[in-house]
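One structure is given here, and the rest of the page talks about it.
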There are 2 protein chains.
Amino acid sequence: MKITINDVAKVAGVSTSTVSRVISDSPRISEETKRRVRKVIEELNYHPNAIARSLANKSSKTIGLILNTEAETLVRNPFFIQAMTGVSQYTQKNGYNVMFAYNKSEAGDLDIAVWYVNSRCVDGIILFTSRTNDKCIDFLKKNDFPFSVIGRPDQTEGVLWVDNDNFQATYQVTNDLIMKGHQRIAFLGGPRDHNVSRDRFEGYKKAMTVHGYAIDKELTFLDGNFSEEFGSECMLRIITASKKGAELPTAIVTSDDMQALGVLKAMRKKNISNIAVTGFNNTPISLYQNESFTSVDVNANKLGFYAAKLLIGKIEGKKNLPTHYIVPTNIVEVEPFY
Amino acid sequence: MKITINDVAKVAGVSTSTVSRVISDSPRISEETKRRVRKVIEELNYHPNAIARSLANKSSKTIGLILNTEAETLVRNPFFIQAMTGVSQYTQKNGYNVMFAYNKSEAGDLDIAVWYVNSRCVDGIILFTSRTNDKCIDFLKKNDFPFSVIGRPDQTEGVLWVDNDNFQATYQVTNDLIMKGHQRIAFLGGPRDHNVSRDRFEGYKKAMTVHGYAIDKELTFLDGNFSEEFGSECMLRIITASKKGAELPTAIVTSDDMQALGVLKAMRKKNISNIAVTGFNNTPISLYQNESFTSVDVNANKLGFYAAKLLIGKIEGKKNLPTHYIVPTNIVEVEPFY
DNA sequence: GAAAGCTGTGAAAACGCTTGCACTAGTATT
DNA sequence: AATACTAGTGCAAGCGTTTTCACAGCTTTC
């Protein structure tokens, strides 16, 4: 049988309220009593029951994670686990636990959100991907339940979010290429309904126009997806066009390492080299291929960390908190594996 | 203000006990009453408070994960996230939540275990790596707290565990190589204090001896680690030896994909090819390199799934449950990326 | 020297649920 | 006809905390 606060109270010869106050270090208890009670707590090896505490406090001191992502992505892209460790680091420091649930379907994500909210087993939720018209976001807003989102959502009012400055990242990547003398630079984007896709394109566009270079429609591939296949496909189209007289680009800015790998694969297949390729995420797999290329490290760990920080700030009702954080990116040169 | 069981009782004109029994579908309540109460539950959109329930039941319906692993490994090896999703799949089906905490240091792992146990916020724990003399295991055993372990621990009595048949895996991998005509086969092992290392070596040894091939001391590297560096290092030693007259192996069995990549890297550097290499884990990164090789898929998802199954069986006091599961491995041929 | 103000503590009511036990009304048993 | 079941329900005591309010005993104030 586990020791309870009553046992401590009895042994120490005080009431349970006193013990409770000692635990929370209330100023209303005399040092003398505190010392005595603490000694008993030590002796009996007493530890408060977190659940009883939660019930009395109406707060579980737990936050829930919703990984609304396909298994495939989860496994290939270390982004998620990195963000999760970031979350864990912040929550641990602040006395919160973290709960997670994985569900493949989008419907499943909503189910989990509903469960989390209705059962009151978490104090707040972190969404790991923001989709357009995300049903989870709508649901959480409607229920006035604290949550934060990794990745800027469509509607930012009333939501806490963290993200990179994606515009800045591609701006810089593109600018760097231009500084190295590249003029004909292609761009591969992500799905149109992700804000991140638009931002990355805009950054590229800005850098190009600032320097007076044209955005060649034949070299910009928007509304794509973050896959290797898409990367290969675009590259093959570029190559085909070049056979019909178009000039090959000297550099390609992509929106994801997978895309970049696809591009490299197609280049290899067609025996083309000397095109600089850039990606996003600094995925370790990018280390295991033969071309050197540039990747944008998004600092996933920090994204998780700040998502937790925002959320916990909100839960604890702190005032004057920021509504979002922009986490800086670093541009890394990935050396070839061999 | 949230709806409670009392509100439902009042509206339905019954006592709270009756509502509670309707929720748990007790046979002692008449169908008539059940119907009426359920209708009210629906109308009021009532959902039981999980925490109050936990307190009354003395069970949080939550299990805790302890990821006692370095961040680097966590990120590079999708094993962990795969196992986590496996755990989540089983627990969701059975009405359990999962809590996780990440902590870099080994000391931290123990802290988390202590917190989980003392605060009673989880009903059981899954350890994601079994080390020799694992302090967490000792602590959990001493406190008689339910837990299961991924990876067979040193002392199996009184512990629930899941693992692959590592002996069988390397036996088969080695045997396959022999069937293809290889006779001179090197072996790279993992850290001596991991059971997995010993098992994998024994499988290799058995296959070799069954076929009457010698185990060449110069070609077996035990007590290594699961890194690329170790792989490269061993391969370079093999190559150096060959320059002094030793015969090169025609195949190399390694204990990890990272090791295998290291081997391939060294081969490439020294311009050697035509040596078959095998690894473990079917890591996606293995897809992004140029040699085809063989990897053993350990079915991490299933390992997590069964770890959860064993644990929940124990928590719920089921009788005649197995003490461990052996999850089959599949041998996969990884095609070169390009 | 009475009123007012502190200080330190305890009693008891929450928090929202489960469950052992008791009770009532029928029904079956002898 | 008395007894013994059974089915269906409610009462109230938990589960282990926190926290409001009350109060006793001091000290200060005018």
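The values are calculated or read from the model by the stated rules, or taken from the named source; none is laboratory data. Predicted model only: the values in this text are computed from it and were never measured. Neighbour counts run over all protein chains shown; Cβ positions are idealised from the backbone, glycine included. Each accessible area value is taken on the protein alone, full model and side chains, heavy atoms only, with ligands, DNA and RNA left out. Shrake-Rupley method; radii C 1.70, N 1.55, O 1.52, S 1.80 Å.
Placing a pseudo-label 7 Å from each Cα along the Cα-to-Cβ vector at residue A:144 and residue A:223 gives an inter-label distance of 4.0 nm. For residue B:205, the accessible area of its heavy atoms, probed at 1.4 Å with every protein chain present, is near 70 square angstrom.
Please list the helices of chain B that count as membrane-span-like by this rule: a mean Kyte-Doolittle hydropathy of at least -0.5 together with Cα atoms stretching 15 Å or more along the helix axis, each helix being a complete DSSP H run. Long hydrophobic helices here: B:79-93, B:106-119, B:166-179, B:228-243, B:257-269, B:300-315.
Of the heavy-atom accessible surface of chain B (probe 1.4 angstrom), what whole percent is carbon and sulfur? About 49 percent, which is the carbon plus sulfur part of the accessible surface.
Just from its helices, what would the mean residue ellipticity at 222 nm be for the protein assembly as shown, if runs of 4 or more DSSP H residues each count -39500 (n - 2.57) and the sum is divided by every residue, rounded to the nearest 500 deg cm²/dmol?
Helix contribution divided over all residues of the protein assembly as shown: -14500 deg cm²/dmol.
Take the accessible area of A alone and of B alone, subtract that of the pair with a 1.4 Å probe, and the total buried over both chains is about 5200 Å². The simple spin-label model puts a point 7 Å past each Cα toward its Cβ; for residue A:34 and residue A:326 those points are separated by 4.5 nm.
Within a straight-line Cα-Cα reach of under 30 Å, residue A:205 can be paired with the following lysines, leaving aside sequence neighbours fewer than 8 residues apart in one chain: A:180, A:217, A:243, A:244, A:265, A:269, A:270, A:302. What segment A:91-250 shows is 45 Å² of accessible area per residue, with the surface traced by a 1.4 Å probe over protein heavy atoms.
As a length-normalised measure over Cα pairs under 8 Å and 6 or more apart, the relative contact order of segment B:5-48 settles at 42 percent. The antiparallel fraction among DSSP beta bridges confined to chain B stands at about 15%. For segment A:166-298, the Kirkwood hydrodynamic radius from C-alpha pairs, put into Stokes-Einstein at 20 °C and a viscosity of 1.002 mPa s, yields a diffusion coefficient of 150 µm² per second. For residue A:184 and residue A:237, the FRET efficiency from 1/(1 + (r/R0)^6), where r spans their Cβ atoms and R0 equals 22 Å, is about 0.90. A label point on residue B:141, set 7 Å along the Cα-to-Cβ line, lies at 5.4 nm from each of its counterparts in the other copies, closest listed first.
Can you tell me the mean projection area, over all orientations, of the convex hull of chain A's alpha carbons? Units nm², please.
Numbers: hull surface 88.9 nm².
That works out to 22.2 nm².
In segment A:57-95, burial by the other protein chains removes 30 Å² or more of 1.4 Å probe accessible surface, compared with the chain on its own, from A:74, A:75, A:76, A:81, A:84, A:85, A:88, A:89, A:92. Placing a label point 7 Å from the Cα of residue A:210 along the Cα-to-Cβ direction, the distances to the matching points in the other copies come to 6.5 nm, shortest first. Counting, for every residue in B:42-53, the Cβ atoms of other protein chains within 10 Å of its Cβ and taking the mean gives 4. Solvent-accessible area per residue in segment A:5-48 equals 64 Å², computed with a 1.4 angstrom probe and all protein chains kept. Distances between copies of residue A:2, taken at a point 7 Å out from Cα along the Cα→Cβ vector and listed shortest first: 2.0 nm.
If the cut-off is 16 Å between C-alpha atoms, which aspartates and glutamates fall inside it for residue A:39, apart from same-chain ones fewer than 8 positions away? Those aspartates and glutamates meeting the cut-off are A:7, A:25, A:31. Seen from residue B:231, the other residues with C-beta closer than 10 Å to its C-beta sum to a net charge of -4, counting Lys and Arg as +1 and Asp and Glu as -1. Taking label points 7 Å from Cα along the Cα-to-Cβ direction, residue B:192 and residue B:272 give a separation of 2.5 nm. Excluding same-chain neighbours fewer than eight residues apart, the lysines reachable from residue B:34 by a Cα-Cα span under 20 Å are B:10. DSSP bridge analysis restricted to segment A:211-338 gives an antiparallel fraction near 45%, rounded to the nearest 5. A dipole drawn for chain A from +1 and -1 charges on Cβ atoms has a positive end, and of A:188, A:215, A:122 the residue lying farthest that way is A:122. Cβ-Cβ distance of residue A:56 and residue A:165, R₀ of 41 Å, FRET efficiency by 1/(1 + (r/R0)^6): the value works out to about 0.45. Where both bridge residues fall in the protein assembly as shown, DSSP classifies roughly 15% of the beta bridges as antiparallel. Say R0 is 35 Å: what FRET efficiency, to the nearest 0.05, do residue B:157 and residue B:214 get from their beta-carbon distance? FRET efficiency, residue B:157 to residue B:214: 0.45. Over the protein assembly as shown, the reciprocal of the mean inverse Cα-Cα separation, the Kirkwood hydrodynamic radius, stands at 27.9 Å. In a simple Cβ point-charge model (Lys, Arg +1; Asp, Glu -1; nothing else charged), segment B:5-48 has a dipole of about 120 debye relative to its Cα centre.
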